[in-house]
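Comments concern the structure below.
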Amino acid sequence: MESSRQHLPSHKLYLSCLLILTLWMSLFGISNLPVIDRDEARYAQATVQMVETDDYLNIRFQDRARNKKPAGIYWMQAASVKAFTDPGERKIWAHRIPSVLGAILAVFATYWGTLAVLGRREAFIAGAVLATSALFVFEAHIAKTDAMLCGFSALALAAMLRLRVNLDKWAPLLFWVAIGGAIMIKGPITPALIILTLICLAVWERDLGWMRRLFSWPGILMALLIVLPWSIAIGIETNGAFFKDAIGGDLAPKLAGGQEKHGAPPGYYLGTLPILFWPACLFLIAGMWTGLKQSRSSDEAGNKEALTARLLLCWIVPFWLLLEIVPTKLPNYLLPIYPALAILCAVAISKMIKQQNYKWSRWLGGVLILIVTGVLVAAIVTTENFYSVPSTITRGFVSMGAALAMAAAFFFWRKEALKALIAAIMSTVIMTPLVYQHVLPRSQTLLISPRIQNAFENNRIILPRHSGPRILSPHFTEPSLVFHLGTDIVLGDKIETILAGKLLKSDIILLDEKNERFTTDFELISQKYNGSNLCLRPLSSVDGINYSKGDDVKITIFETGDCD
């Protein structure tokens with residue numbers, strides 16, 4: 001046994017491979033994938049305004065307070081923007097760097113936590129499973145909170161795993177640092193996850209002894225130092241409005257009903273998990289079965305399997321059930337439990353390499369990855385056929401990826417778990433960069449805001465963010481338009497206030513010809529400008545699909561000027 005350990009690669013080599021794998025999965029497409037509506041565009045624009053105004057306390061989208069999440073992710077994005085870009089450039093890739101760093105933190109923390117209960121190879125497998133899962137990769141590509149939240153959640157879970165089986169002197173401090181960081185990223189989500197886990201474990205085991213190791217006064221002090229300064233400052237600055245809006249205006253409505261049309265029935269997360277955890281959905285059933293089986297083993301001293309399985313299941317199941325009950329549902333809400341799922345998959349793979357059982361888990365896992373791969377291949381091909389121009393590059397890489405996924409299922413059925421893992425990872429290593437680097441950036445039909453910006457530049461209209469003319473857009477109001485054109489563009493009903501005031505010769509009007517109010521609004525705006533001896537002249541149009549609403553649009557750019 002000792003001899004076999006000596007032949008294992010070093011920690012440095014395993015961590016280097018995980019770093020390369022995570023960067024490979026995260027960086028392709030990060031610079032040429034346009035800002036995504038709506039959440040990413042809101043986060044990025046609010047960060048832009050922080051940098052523009054040097055106000056790093058208040059969070060605003062245009063002139064509205066964005067009292068939803070704490071300032072942590074905005075500060076990280078602002079630091080990245082200031083470090084890597086020049087003022088006014090609005091390079092979305094710079095906003096996404098913190099998400100990449102959050103992904104790296106999550107993968108490394110998963111490796112570190114798994115080492116407490118398994119060997120280096122299994123820890124590497126857990127990290128690799130997480131690094132290549134579909135939802136995790138998506139969140140690593142976009143400038144939101146979820147990848148970094150996953151990183152801090154994984155760090156808290158890893159610290160708990162290490163404290164669960166042996167006393168690690170750094171684990172209590174890192175546990176509380178993770179809690180403080182997670183609160184500054186997304187408020188109470190990770191603390192709620194931890195509390196549910198501990199309650200579930202206490203009820204299950206009727207033993208609170210090990211939990212005393214979690215309490216570390218230096219750690220608690222560190223968490224307070226992370227959270228309190230901004231919390232006190234924003235409370236004073238907004239006279240308490242931030243917390244009132246964040247809890248009463250954002251969190252509570254999500255718990256009470258399907259906020260912003262994101263409602264879904266219970267079972268939503270169970271139904272979408274195989275797709276979002278692809279390609280490791282191959283091992284998901286085996287992983288959960290292994291966890292359940294090991295959780296029922298004896299509590300004799302040194303039984304790491306039972307202690308680990310119970311913690312992982314208590315991390316996964318209560319939070320999952322809570323999310324299934326909450327009416328508002330979004331795929332990313334489940335991401336904090338992905339590190340635990342990855343570790344369970346690693347445990348199952350380790351068992352399957354040594355054993356020849358798991359008959360039903362192997363069969364079902366193979367079927368699952370084939371079905372999900374077929375769905376993903378169809379989605380990629382459909383996206384390119386309908387929203388872009390089909391290419392031989394896509395067909396070639398998709399075929400290779402699908403063939404590897406089929407090979408993974410075949411190896412799994414043949415009881416060759418390690419070969420199945422390698423084939424599954426190679427499948428996503430080939431297909432994922434294709435999607436983010438090639439397919440999505442070429443889907444011009446969906447990219448309305450970037451094409452409007454291009455139309456401005458082609459017509460030599462100075463963008464508002466470069467002190468250009470006033471822009472009025474009553475119909476197309478997506479946040480990405482603000483990010484691309486400038487903070488001061490006027491959206492939606494606010495145009496009525498503009499029309500009641502002074503009209504400018506240089507105004508630019510954006511109207512959606514497919515909007516039901518187009519004719520009425522065009523006549524009203526034309527009359528207002530004609531009354532000032534100004535006329536509207538169409539310059540160019542951008543047509544496509546507003547994917548946030550699912551509506552066809554045709555945005556025509558009108559310039560105001562002297563009537564002929």
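Values in this text are rule-based calculations from the coordinates and carry no lab data. Computed from a predicted structure; not experimentally measured. Cβ: placed from backbone, ideal geometry, glycine included. Neighbour counts: every protein chain shown.
Using Cα pairs under 8 angstrom and six or more residues apart, how large is the relative contact order of the stretch 447-562, in percent? Could the numbers behind the result be given before it?
Details: 197 pairs, mean separation 31.0, N = 116.
Once divided by the residue count of the stretch 447-562, the mean separation gives 27 percent.
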* Asked: Put +1 on the Cβ of each Lys and Arg and -1 on the Cβ of each Asp and Glu in the chain; which of 31, 15, 240 then has its Cα farthest toward the positive end of the dipole?
  -> 15
* Structure fact -> The Cα extents of the stretch 436-475 along the principal axes, largest first and rounded to whole Å, are 34, 22, 16
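Using only helices, what value at 222 nm comes out for the chain when you add -39,500 (n - 2.57) per DSSP H run of length 4 or more and divide by the total residues, to the nearest 500 deg cm²/dmol?
Working: 24 runs with 347 residues, N = 564.
The helix contribution divided over the chain gives -20000 deg cm²/dmol.
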* Please list, or write none, the lysines whose alpha carbon is within less than 16 Å of the alpha carbon of residue 502, excluding same-chain residues fewer than 8 places away. => 494, 528
* Structure fact -> In the chain, taking the dipole from +1 charges on Lys and Arg beta carbons and -1 charges on Asp and Glu beta carbons about the Cα centre, the listed residue (498, 449, 365) farthest towards the positive end is 365
* Asked: Which value, in debye to the nearest 20, gives the size of the charge dipole of the stretch 2-260 about its Cα centre, when Lys and Arg are +1 and Asp and Glu are -1 at the Cβ?
  -> 560 debye
* Would you indicate which of (i) 57; (ii) 65; (iii) 40 is the value of percent of Cα pairs over 36 Å apart derived from the coordinates of this structure? => (iii)
* Contour minus Cα-Cα distance for residue 207 and residue 513 (0.36 nm per residue) -> 103.6 nm
* Which shape class applies to the stretch 2-260: rounded if a/c is under 1.5, otherwise prolate when a/b exceeds b/c and oblate if not, where a ≥ b ≥ c are the square roots of the Cα gyration tensor eigenvalues? -> oblate
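Once the other residues with Cβ under 10 Å from the Cβ of residue 512 are scored (Lys, Arg +1; Asp, Glu -1), what is the net sum? Could the numbers behind the result be given before it?
Numbers: positive: 514, 517, 554; negative: 513, 516, 521, 543, 551, 552.
In short, -3.
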* How high is the relative contact order of the stretch 37-192, in percent, with contacts defined as C-alpha pairs under 8 Å that are six or more residues apart? -> 24 percent
* Structure fact -> Between residue 364 and residue 12, the two model label points (7 Å from Cα along the beta-carbon direction) sit apart by a distance in nm of 4.4 nm
* Structure fact -> If each part is reduced to its alpha-carbon centroid, the stretch 316-330 and the stretch 75-126 end up apart, in Å, by 26 Å
* Structure fact -> Sorted on mean Cβ neighbours within 10 Å (highest first), peptides 480-487, 287-294, 226-233 come out as 480-487, 287-294, 226-233
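Please list 493-502, 550-559 highest first by mean number of surrounding beta-carbon atoms within 10 Å per residue. Before the final figure, lay out each step's value.
Numbers: 493-502: 11.8, 550-559: 17.0.
Answer by packing, highest mean first, reads 550-559, 493-502.
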* Asked: Percent relative contact order of the stretch 348-422, based on C-alpha pairs within less than 8 angstrom and at least six residues apart?
  -> 45 percent
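So for each of 460-466, 235-241 I average, over its residues, the number of other beta carbons within 10 Å; can you give me the resulting order with the highest mean first? Don't skip to the end; give the middle numbers.
On the way: 460-466: 14.9, 235-241: 12.4.
With the highest mean Cβ count within 10 Å placed first, the list reads 460-466, 235-241.
For the stretch 48-118, which trypsin sites (Lys or Arg not before Pro) are in a loop by DSSP, counting at most 16 other Cβ atoms within 10 Å? Kindly include the intermediate steps, with their values, before the conclusion.
Values: sites: 60, 64, 66, 68, 82, 90, 91, 96; in loops: 66, 68, 90, 91.
The qualifying sites are 91.
Structure shown: which of 304/354; 68/144; 12/186 lie over 24 Å apart, alpha-carbon to alpha-carbon?
Working: 304/354 18 Å; 68/144 13 Å; 12/186 32 Å.
In this structure, 12/186 exceed 24 Å between Cα atoms.
What does the net charge come to around residue 67 if you take all other residues with beta carbon closer than 13 Å to its beta carbon, with K and R at +1 and D and E at -1? Kindly include the intermediate steps, with their values, before the conclusion.
Working: positive: 42, 60, 64, 66, 68, 69, 244; negative: 237, 245, 250.
Combined, the nearby Lys, Arg, Asp and Glu give +4.
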* Asked: By how many degrees, between 0 and 90 and to the nearest 10, does the Cα long axis of helix 392-413 differ from the longest principal axis of the chain?
  -> 20 degrees
* Would you list which aspartates and glutamates come within 18 Å of residue 359, measuring only between C-alpha atoms, while excluding same-chain residues fewer than 8 positions from it? => 416
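Using the beta-carbon distance between residue 56 and residue 505 and R0 = 35 Å, what value does 1/(1 + (r/R0)^6) give for FRET efficiency, to the nearest 0.05?
Numbers: r = 37 Å, r/R0 = 1.07.
Rounded to the nearest 0.05, the efficiency is 0.40.
Multiplying the sequence separation of residue 378 and residue 224 by 0.36 nm and subtracting their Cα-Cα distance, what value in nm do you get? Could you put the intermediate results ahead of the total?
Numbers: separation 154, 0.36 × 154 = 55.44 nm, distance 4.86 nm.
Fully extending the segment from residue 378 to residue 224 adds 50.6 nm.
Can you give the net charge of the other residues whose Cβ lies under 14 Å from the Cβ of residue 200, counting K and R as +1 and D and E as -1?
Working: positive: 164, 206, 310; negative: 205, 207.
Overall, the nearby charge balance is +1.
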